[in-house]
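S.K.: Below is one structure. I have some questions about it.
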Amino acid sequence: MNAVRPTARVAGDRIQISMSSNPSRTLASAPPAGSLHYPEIETLSTPPVEPHLPPVARVVPRVETVHGETRIDDYFWLRDRSNPEVLDYLNAENRHTRAVMQHTEELQELLFQEMRGRIKETDLSVPERIDDYFYYSRTEIGGQYPILCRRQGSLEGPEEILLDQNPLAADHPYFRLGASEVSPDHRLLAYSVDTSGAEEFTLHIKDLTTGELLPERIERTSHGGAWANDSRTLFYTVLDQARRPCSLYRHVVGSDPSQDPMVYFEPDASFFLDVSRTRSRRYLLLDLSSHSTSEVRFVSADHPEEPFRLVQP
């Protein structure tokens, strides 16, 4: 006996639902990118008859009192990623999800291909001219991450790839680019990457002349960074144990990062630090901001060794 399948059609501004028992009917192909027409949609197969029972996490009450309020968390133990029992439970959850959703795999693939068909995979950002260079990023078919590029002299000049994120991300289950700052003399690229998803970045410096990475490797940084005008001094922020950017450091290219001096520390846990460079290139700004207020400190980009001065408390 053929299964009865619901069918949805778009008719003007209404959706018409009908039932069909014809198993030979096939699903229409996805519409072309940019089209406002939606084809007939049918359920590709009936859901499994036998129910799949989900795994049940063990209850381990944990009592915590904070600010006079007592809370009980039965599943606090699931935070421990090093616990084999936690990994076994998460794997069981994944197996359950795959089993329950198995009958939708064809529809998932159809939706993925339709959404992908509406994305311009080979794309180019608007170039930004800085001195004699045009900086831009582009994407390629099959690549998940942008490629940072530049051309010297004109947009017709030869392309120079500064950083291709795709091979950098290939060996990691998670990858995110944070800072990507070219030095004022256009010879160095400071960039940071997060490969854990914890918003904790590692800062690298790349020699754009040779294509090689400098030996400096700075851990536990936030996503930002800013160069001074000497193209040798780089400012960056470091995270505390709560992953709050609370400290500003100054690094000189070629020196040991462990000896970098701390320029500023913010003790108030409600404030976050961020360092940037003004478009005039004359100043470096240290922004201290909370949810309700902020203040800015500045230093001359020509004299990065001087202390940051407060604009307005």
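S.K.: Mind listing just one residue for me: the one in region 72-87 that is surrounded by 10 or more Cβ atoms within 10 Å (Cβ to Cβ) and in contact with a strand residue (DSSP E or B) (Cβ under 7 Å, 6 or more places away or on another chain) and, of those, nearest to Ala198 (Cα to Cα)?
M.R.: Of everything passing the filter in region 72-87, Phe76 is nearest to Ala198 (Cα to Cα).
S.K.: Regarding region 265-281, can at least one residue be identified that is part of a loop (DSSP other than H, G, I, E, B), touching a residue at least 24 places away in the same chain (Cβ under 8 Å) and open to solvent by 80 Å² or more (accessible area, probe 1.4 Å)?
M.R.: Yes, the conditions are met somewhere in region 265-281.
S.K.: Does Glu181 fit the bill of being of a type in the set (D, E, K, R), more than 30 Å from Ser270 (Cα to Cα) and assigned to a strand (DSSP E or B)? Give the derivation first.
M.R.: Values: of a type in the set (D, E, K, R): yes; more than 30 Å from Ser270 (Cα to Cα): no; assigned to a strand (DSSP E or B): yes.
When the stated conditions are applied, Glu181 does not pass them.
S.K.: Here is a follow-up. Here are the criteria: (1) in contact with a Pro (Cβ under 8 Å, 6 or more places away or on another chain); (2) hydroxyl-bearing (Ser, Thr, Tyr); (3) surrounded by fewer than 15 Cβ atoms within 10 Å (Cβ to Cβ). Tell me which single one Thr97 does not satisfy.
M.R.: Against the list (1) in contact with a Pro (Cβ under 8 Å, 6 or more places away or on another chain); (2) hydroxyl-bearing (Ser, Thr, Tyr); (3) surrounded by fewer than 15 Cβ atoms within 10 Å (Cβ to Cβ), Thr97 comes up short only on (1).
S.K.: With Ser222, Ser258, Ser247, Ser196 as the choices, which residue is buried (at least 18 other Cβ atoms within 10 Å of the Cβ), more than 30 Å from Phe134 (Cβ to Cβ) and of a type in the set (Ser, Thr, Tyr)? Show your work before the answer.
M.R.: On the way: Ser222 fails: more than 30 Å from Phe134 (Cβ to Cβ); Ser258 fails: buried (at least 18 other Cβ atoms within 10 Å of the Cβ); Ser196 fails: buried (at least 18 other Cβ atoms within 10 Å of the Cβ).
From the options Ser222, Ser258, Ser247, Ser196, the qualifying one is Ser247.
S.K.: Go through region 242-268 and give me each residue that's more than 25 Å from Pro215 (Cβ to Cβ) and within 24 Å of the chain's Cα centre (by Cα).
M.R.: First, the residues of region 242-268 that are more than 25 Å from Pro215 (Cβ to Cβ): 242-244, 246, 264-268.
Within region 242-268, Ala242, Arg243, Arg244, Cys246 meet the criteria.
S.K.: Okay, next question. For residues in region 292-313 being among the small types (Gly, Ala, Ser) and part of a loop (DSSP other than H, G, I, E, B), which is farthest from the chain's Cα centre (by Cα)?
M.R.: Ala301
S.K.: Still on this model: Cβ-Cβ distance below 9 Å, separation of 6 or more or different chains: which pairs start in region 146-175 with a residue that is part of a loop (DSSP other than H, G, I, E, B) and end on one that is open to solvent by 80 Å² or more (accessible area, probe 1.4 Å)?
M.R.: What qualifies is Pro158/Gln152; Phe175/Gln144.
Table: residues versus (1) surrounded by 13 or more Cβ atoms within 10 Å (Cβ to Cβ); (2) β-branched (Val, Ile, Thr); (3) at pLDDT below 95.
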| residue | (1), (2), (3) |
| --- | --- |
| Arg9 | yes, no, yes |
| Met19 | no, no, yes |
| Ser29 | no, no, yes |
| Ser45 | yes, no, yes |
| Glu50 | no, no, yes |
| Tyr89 | yes, no, no |
| Met115 | no, no, yes |
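S.K.: Which residues, taken from region 113-142, are in a loop (DSSP other than H, G, I, E, B) and within 22 Å of Lys206 (Cα to Cα)?
M.R.: Of the residues in region 113-142, the ones in a loop (DSSP other than H, G, I, E, B) are 118-122, 125-127, 131-132, 140-142.
Pro127, Asp131, Asp132, listed by residue number.
The values are calculated or read from the model by the stated rules, or taken from the named source; none is laboratory data. Note that the coordinates shown come from a computational prediction; the quantities given were computed from them, not determined experimentally. Ideal geometry is used to build each Cβ from the backbone, glycine not excepted, and the neighbour counts take in all protein chains shown. Protein only, heavy atoms only, side chains kept; ligands, DNA and RNA dropped before computing areas. Shrake-Rupley method; radii C 1.70, N 1.55, O 1.52, S 1.80 Å.
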